[in-house]
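For reference, the structure discussed in these notes is given below.
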């Protein structure tokens, strides 16, 4: 069982005075975030949520005593920017040729002839496409996560094959 925690959403600013909050969900369908409850924050607190409208939710903290509603704006304000996680094992299996970005971190990166060049240390997505950061000593290599630059992803084997575009190649110093 995979107990890694995967970031699923972030609690935003309060909405109104009765404890409602904006929530940014990182699921394909934002409404599906509630399906992964209990969601866990970095301190181990557990939360459940009920959507009241698009991106607005009523939060509940799950404690040993039961489910407690976040009922006022002050408490909701203290939760602003709280990251909500779910165990990796709670996520459905990815389809063929689809990957959870978190599953790529830690994979060995090999070149086209099989030599290890490092490992995936981070996955970046700033809106222009996903890129992988390959570390292994020295300057990290950033490659786009495309079929051309990363033609092989072998999760079971624990590696990827990287063929960086020419513009990412560094020339040797004279």
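The values are calculated or read from the model by the stated rules, or taken from the named source; none is laboratory data. Just so you know, these numbers come straight off a predicted model, no measurement behind them. Neighbour counts run over all protein chains shown; Cβ positions are idealised from the backbone, glycine included.
Among all residue pairs at least 6 apart or on different chains, which show Cβ distances below 9 Å where the first residue, located in the range 36-47, is not assigned by TED's automatic domain parsing to the domain that holds residue 59 and the second is at pLDDT 95 or above and part of a loop (DSSP other than H, G, I, E, B)? Going by the 9 Å Cβ cut-off, there are no qualifying pairs. Residue count for the range 56-65 under the criterion of being surrounded by fewer than 17 Cβ atoms within 10 Å (Cβ to Cβ), farther than 10 Å from residue 20 by Cα and touching a strand residue (DSSP E or B) at 6+ places or on another chain (Cβ under 9 Å): the result is 2. In summary, residue 149 fulfils each of the numbered conditions (1) part of a loop (DSSP other than H, G, I, E, B); (2) touching a strand residue (DSSP E or B) at 6+ places or on another chain (Cβ under 6 Å); (3) touching a residue at least 24 places away in the same chain (Cβ under 8 Å) with the single exception of condition (3).
Looking only at the range 42-53, decide whether some residue is surrounded by 14 or more Cβ atoms within 10 Å (Cβ to Cβ) and part of a loop (DSSP other than H, G, I, E, B). Yes, the conditions are met somewhere in the range 42-53.
Close contacts from the range 1-21, counting a first residue that is on the phi > 0 side of the Ramachandran plot and assigned by TED's automatic domain parsing to the domain that holds residue 123 and a second that is assigned to a loop (DSSP other than H, G, I, E, B) and modelled with pLDDT of 95 or more, with Cβ to Cβ under 7 Å and a gap of 6+ residues or different chains, come to none at all.
Confirm whether residue 81 is farther than 30 Å from residue 130 by Cβ and at pLDDT 95 or above. Walk me through how you get there before you give the answer.
Details: farther than 30 Å from residue 130 by Cβ: no; at pLDDT 95 or above: yes.
Considered against the rule, which asks whether it is farther than 30 Å from residue 130 by Cβ and at pLDDT 95 or above, residue 81 comes out as no.
Of the residues making up the range 66-82, those that are part of a strand (DSSP E or B) and surrounded by 11 or more Cβ atoms within 10 Å (Cβ to Cβ) are 67, 68, 69.
Here's the yes/no breakdown for (1) surrounded by fewer than 16 Cβ atoms within 10 Å (Cβ to Cβ); (2) closer than 30 Å to residue 29 by Cα; (3) over 21 Å from the mean Cα position of the chain (by Cα):
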{"residue": "108", "(1), (2), (3)": "no, no, no"}
{"residue": "119", "(1), (2), (3)": "no, no, no"}
{"residue": "122", "(1), (2), (3)": "yes, yes, no"}
{"residue": "136", "(1), (2), (3)": "yes, no, yes"}
